[in-house]
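Let me begin by presenting the structure, written as structure tokens, before commenting on it.
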Amino acid sequence: MENTKITAKDLKAIEKIVAEYVKELEIDGSFTVVENGEIVDIIMETRDTGIVIGYHGEILESLQLTLSLAIAKKLERFVRVSLEVDGYKKNRIEYLEKLAEQVKEKALTENKEQVLMSLKSWERRVIHVYLQNDEQVTSESSGEGRDRVLLVKPKA
């Protein structure tokens, strides 16, 4: 298994890549790079929030992916990157956890499987993690590609 420890040298290289990226895209704002275990959190503050986040976070995800690729190329290994802009993901996670609680209650009240559609993979993961130790319901993903859904079922 390769070394996944993020060094101070790695962080400096990542900061340089992010600075070049932000400058090239003409994003007006500032950022902080923080090592968080095996993940690098890039926290950005900008007046261009709507443009950087995009519709349902689509641009944010694209920026995160391309930054991740640039970082992997420079470091010659994959590093998990999380790009946060003005608390968008934090707020989305809070919303998803409330949604998980509501869907759980509906599954129990109706004693019937509930289906959540149109969630991105990371959003499904948030709900799975939130419900993973629940004693009353289980969650699982089903389907392929864009048709993948999250199922919440009462335990037998």
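The values are calculated or read from the model by the stated rules, or taken from the named source; none is laboratory data. Values in this document were obtained by computation on a predicted structure and should not be read as measured data. For neighbour counting, all protein chains shown are included, and Cβ atoms are generated from backbone atoms with ideal geometry for every residue, glycine included.
One line per residue, one yes/no per condition, for (1) outside any helix (DSSP H, G or I); (2) in contact (Cβ under 8 Å) with a residue 40 or more places away in the chain:
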position	(1), (2)
20	no, no
78	yes, no
81	yes, yes
90	no, no
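Against the numbered list (1) farther than 28 Å from residue 151 by Cβ; (2) in a helix (DSSP H, G or I), residue 97 comes up short only at (1).
The sole residue among 30, 82, 62 that is surrounded by 15 or more Cβ atoms within 10 Å (Cβ to Cβ), outside the structural domain of residue 143 (by TED's automatic domain parsing) and among the polar types (S, T, N, Q) is 82.
All of (1) under 13 Å from the mean Cα position of the chain (by Cα); (2) in contact (Cβ under 8 Å) with a residue 40 or more places away in the chain hold for residue 53 with one exception: (2). What single numbered condition from (1) modelled with pLDDT of 95 or more; (2) under 17 Å from the mean Cα position of the chain (by Cα); (3) surrounded by 12 or more Cβ atoms within 10 Å (Cβ to Cβ) fails to hold for residue 16? It is condition (2) that residue 16 fails.
Scan the range 102-128 for residues that are among the β-branched types (Val, Ile, Thr), under 25 Å from residue 59 (Cβ atoms) and out of contact with any Asp or Glu (no Cβ under 9 Å at 6 or more places or on another chain) and the total you get is 0.
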